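Asker: Okay, handing you the structure first.
We did not get these values from a lab; they are worked out from the coordinates using the rules stated. Please read all numbers here as calculations on a predicted model, not as lab measurements. Note: ideal-geometry Cβ built from the backbone for every residue, glycine included; neighbour counts use all protein chains shown.
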Amino acid sequence: MTCHPHSVNSERFRALRTNLLFAQRTQGIQSVLITSSVLSEGKSFVTVNLATVLAQTNKKVLLVDADLRKTTLHTILNLENEEGLTSYYYNKR
Ligand SMILES: Nc1ncnc2c1ncn2[C@@H]1O[C@H](COP(=O)(O)OP(=O)(O)O)[C@@H](O)[C@H]1O
Ligand SMILES: [Mg+2]
């Protein structure tokens with residue numbers, strides 16, 4: 001589920017984007033880990049919405065669903081899931 005652009009959640013993701021871009025400039029961070037210990041705590045939700053607000057600033061965003069047990073990003077983004085990450089990797093070798 002992606003947030004409506006005018007929702008409070010969307011505003012929070014834009015604030016997160018601002019803070020991350022600021023931290024990139026001031027502290028040189030290059031990676032951020034979005035994780036949790038159990039299923040359904042919102043990792044995919046945060047990831048897809050963060051990717052969306054980053055893409056809205058015309059940044060190139062590559063979103064890879066590497067959850068081999070419970071892929072959900074294609075469903076959220078209403079995309080086909082014809083080839084998984086593992087098959088893609090082996091087919092391209
Ligand atoms: N902050 C949130 N507000 C509304 N719905 C949320 C929120 N976080 C997660 N969800 C919903 O909860 C469900 C599980 O979230 P998901 O991101 O798939 O969890 P995970 O990737 O950690 O397994 C999804 O239906 C998602 O839309
Ligand atoms: Mg997930």
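Asker: So what does the Cα-only Debye profile of the range 47-93 read at q = 0.28 Å⁻¹, as log10 I(q)/I(0), no solvent term?
Answerer: -1.09
Asker: Assuming a viscosity of 1.002 mPa s and a temperature of 20 °C, what translational diffusion coefficient in µm² per second does Stokes-Einstein assign to the chain, Rh being the Kirkwood radius over Cα pairs?
Answerer: The calculation lands on 144 µm²/s.
Asker: So, one more: Quick one: dipole size for the range 32-93, taken about the Cα centre, charges +1 on Lys/Arg Cβ and -1 on Asp/Glu Cβ, in debye to the nearest 20.
Answerer: The calculation lands at about 240 debye.
Asker: I need the helices of the chain that pass two filters: whole DSSP H segments spanning 20 Å or more by Cα along the axis, and mean Kyte-Doolittle score no lower than 1.6.
Answerer: none
Asker: Can you give the Rg and Dmax of the range 1-49 based on its C-alpha atoms, in angstrom?
Answerer: Looking at the range 1-49, its Cα Rg and Dmax stand at 12.3, 33 Å.
Asker: Once every DSSP H run of n ≥ 4 in the chain is given -39500 (n - 2.57) and the sum is divided by its residues, what mean residue ellipticity at 222 nm do you get, rounded to the nearest 500 deg cm²/dmol? Before the final figure, lay out each step's value.
Answerer: Numbers: 4 runs with 45 residues, N = 93.
Calculated mean residue ellipticity at 222 nm is -14500 deg cm²/dmol.
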